[in-house]
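Have a look at the structure below, then the notes.
All of the numbers you see were taken from the coordinates with simple rules; none came from a lab. This structure is a prediction, so every number in the text was calculated from the model and none was measured. Reconstructed Cβ throughout: ideal geometry from the backbone, glycine too, with neighbour counts over all protein chains shown.
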Amino acid sequence: MRLIAAFVLSLCAFGAEHYVLLQSWSVTGEGPGRLRGAHGIAVDRNGDVIVTDSRASRVVRFTPDGKFLNEIGAGPGSGPGQFRSPRDAAVNPVDGKIYVADGANFRIEVFDSGGKFLREFGTKGSAPGQFLRPHALDFDPIGRLFIADVDNSRIAVYDEKGSFLTNWGKAGNGPGDFHAPHGLGVDRRGDVIISNYYGPVQKFTPQGKLLLEFGPFTAENNLLSYHSMCVDREGNIYISTRDKERRSSITKYDNNGKFVTQWYMPQPRQLVEDVAVDSIGRVFVTYQSRQDTGVYVFGKK
């Protein structure tokens, strides 16, 4: 773990707001609390950080400063509580239960707040209640779960008890159509924001009615892809973005899709995967590179 004073580091940022690196923790390796490929990230109700490891097929919880707390689930496999390439985690705001998108097992797994396995749902396919690549999860304020299913090009919706409600969305080039939806966040009003890997970013009602699109790729922004994302308490949208020079950044928009700021990662060739914001505005970012994997923590300057 490395602690970096904010005044020492100046990051390349564009926009009215500026973020600085507060802390970083590399967790590369084998053994308890060590990761091979940090991917998804979420903050639980205690402020601790849950990270999904897509390469080692594990889900691990840390304190906000990187101290290992516990492993959630039973590691690699296809049995109850096990994972194959987990992509994202989310915490139900109503009861604190932890939901994990178990990507290559084509299911969602549910754990109690301590990490004990409770149940699973979903199978491989395109019928209602099935998935092809569940990638991103988030809850609305009343506990409904929204799931971005990349290869079905749709959003699946479940109630607070885990019962399937509906799917909406389709692949295409028209307004409201999807282009590999990877990121998903729900704001306080219950509106659903989707970051398509190939752009743009879209905002929908909970029922799937398109409200607005923003963030198209242009010569000016030089972006190549949007990956995962989150929404903070004020409705601001943070997206892990990659440009044509293979640089990774976080791009922030307000709730109306207006650009706020963008900042790049401290090291070149680091692949930013996911982003989460805690209750005091710290931004947690998972990254991978050939050398290591871990978490960056940023704060507003």
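What does a probe at residue 123 reach in the stretch 96-113, counting residues whose amide N is under 19 Å from the point 7 Å along Cα→Cβ?
102-110
Step through the residues of the stretch 24-41 one at a time and calculate ³J(HN,Hα) from phi using the Karplus curve (6.51 cos²θ - 1.76 cosθ + 1.60, θ = phi - 60°), rounding each to whole Hz and writing x for Gly and Pro.
Ordered by residue, 3J(HN,Hα) equals 9, 9, 8, 10, 5, x, 10, x, x, x, 9, 10, 10, x, 4, 10, x, 8 Hz.
For the chain, set up a Gaussian network in which alpha carbons nearer than 10 Å are linked by springs, and say which option among 260, 285, 150 fluctuates the most.
Looking only at 260, 285, 150, the largest GNM fluctuation is found for 260.
Among 179, 135, 39, 227, which comes first, second and so on when ranked by fewest other beta-carbon atoms within 10 Å? All intermediate terms of the calculation are to be shown ahead of the outcome.
Working: 179 17, 135 25, 39 28, 227 21.
Neighbour counts put them in this order, fewest first: 179, 227, 135, 39.
Which of the residue pairs 124/203; 161/209; 161/258; 116/301; 161/301 have a Cα-Cα distance greater than 31 Å in the structure shown?
161/258; 116/301; 161/301
Provide, as a two-decimal number, the C-alpha radius of gyration of the chain over 2.2 N^0.38 Å, N being how many residues it has. Could you put the intermediate results ahead of the total?
Details: Rg = 17.6 Å, N = 301, 2.2 N^0.38 = 19.2 Å.
The reported ratio for this selection is 0.92.
Whole number please: convex hull volume per residue, Cα atoms of the stretch 31-82, in Å³. Each step should come with its number before you reach the end.
Working: hull volume 3.9 nm³, N = 52.
So the per-residue Cα hull volume is 75 Å³.
Would you mind putting 263-269, 47-53 in packing order, based on average other-beta-carbon counts within 10 Å, highest first? Spell out each step's value before the answer.
Values: 263-269: 16.1, 47-53: 23.7.
So the peptides 263-269, 47-53, ranked by packing, come out 47-53, 263-269.
Got a sec to turn the phi values of the stretch 18-23 into Karplus ³J(HN,Hα) couplings, 6.51 cos²θ - 1.76 cosθ + 1.60 with θ = phi - 60°, whole Hz, x for Gly and Pro?
Values per residue, Gly and Pro as x: 10, 10, 10, 6, 8, 6 Hz.
Could you order the peptides 113-123, 96-106 from most to least packed, using the average number of other C-beta atoms within 10 Å per residue?
Details: 113-123: 14.9, 96-106: 22.5.
Result, highest mean Cβ count within 10 Å first: 96-106, 113-123.
What is the distance in Å between the Cα centres of the stretch 69-134 and the stretch 182-231?
Cα centres, the stretch 69-134 to the stretch 182-231: 24 Å.
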